[in-house]
Amino acid sequence: FPVTIISSDLIRLAEVMDRLRSPGGCPWDAEQTHESLLKYQLEESYEYIEAVEKGDRADMREELGDLLLQVYFHARIAQEHPDDSFNIDDVAKGVADKLVNRHPHVFGETKVSSSQEVHANWERIKNEEKGRIEFDEGVPLNQPALSLAAKLILRAEKNGLTRPDPVAPNVNSLDEESALGDALLALISWAVKEDLDPEAALRKVALRYRDSIKEAR
């Protein structure tokens, strides 16, 4: 595994980003902020997802590079903060420490027998690290409603809390994923026909579900 080659290119990327951001560099790069870059980070994420779904290895490599650029760009901007600065090394150290701490079965003496135990340990350690008490702490509320609802239900399940009654779609084949997609698409089609916003409707109900759990605790 060519660690030295990868390390040298990562250092080069940091140097390029520093040159672009520094006086005499690129005016556009120098004007960017954390906030102005958010739309690009989201766009690059979707482009990488599309590359994976197409199985296009060249596009995957390129889009991963674009995502990496976003990380380096944000880290370079963060260096300039007057009171709470950090750089790309701080970012790398933080995620490396996190991986070590949350994999005690690899870097410690903890014994596990399944990936389910690994996941349970991860969640427990994460909650301890962050001092989380409420089941929904750390769930981004501005994510799309479908992923928000799924995340809230998953968090509730992990914490032994009430979850909405599951209703399976009509499955006419062994492909349950396609059956689910068909059922969701039909619901969205109905919502459009009735001039209803499916995103807003699901978000409203998901947040109501979250509030009902918190009120019951």
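Separation of the alpha carbons by more than 29 angstrom is noted, of 130/214; 93/130; 54/98, for 54/98. When the chain is described by a simple charge dipole with +1 on each Lys and Arg Cβ and -1 on each Asp and Glu Cβ, the residue from 33, 180, 118 located farthest towards its positive end is 118. Spin-label model, residue 110/residue 16: points 7 Å from Cα along the beta carbon direction are separated by 3.8 nm. The C-alpha radius of gyration of the range 26-91, expressed as a fraction of 2.2 N^0.38 Å, stands at 1.27.
Translational diffusion coefficient of the range 136-217 (Stokes-Einstein, Kirkwood radius from Cα pairs, 37 °C, 0.692 mPa s): 232 µm²/s.
This structure gives Rg and Dmax of the Cα atoms in Å, computed directly, and of (i) 16.1, 45; (ii) 19.7, 63; (iii) 21.9, 64 that value is listed as (iii). Using a cut-off of 14 Å between beta-carbons, work out the net charge of the residues near residue 121 (Lys and Arg +1, Asp and Glu -1, residue 121 not included). So the surrounding residues net to +1. Taken one residue at a time, the phi angles of the range 106-122 give Karplus couplings (6.51, -1.76, 1.60, θ = phi - 60°) of 9, 9, x, 9, 5, 9, 10, 10, 7, 5, 5, 5, 4, 5, 5, 4, 4 Hz. Gly and Pro are set to x. Seen against the Cα atoms of the chain and their longest principal axis, helix 198-216 is set at about 80 degrees.
Counting heavy atoms of the protein chains alone, residue 214 has an accessible area of about 80 Å² for a 1.4 Å probe.
FRET efficiency for the residue 179 to residue 52 pair, using the beta carbon distance and R₀ = 22 Å, is estimated at 0.45. Rolling a 1.4 Å probe over the protein heavy atoms of the chain, with every protein chain left in place, gives an accessible area that is 57 percent carbon and sulfur. Compute the Rg to Rh ratio over the range 1-126 from the alpha carbon atoms, using the Kirkwood formula for Rh, and round to two decimal places. Radius of gyration relative to Kirkwood radius: 1.04. Axis of helix 145-158 versus longest Cα principal axis of the chain: the two differ by about 80°, to the nearest ten degrees.
The values are calculated or read from the model by the stated rules, or taken from the named source; none is laboratory data. The shown structure was predicted, so the numbers you read here are calculated from the model rather than taken from an experiment. Cβ atoms come from the backbone with ideal geometry, glycine included; neighbour counts cover every protein chain shown. The accessibility values were calculated without ligands, DNA or RNA, using every heavy atom of the protein model including side chains. Shrake-Rupley method; radii C 1.70, N 1.55, O 1.52, S 1.80 Å.
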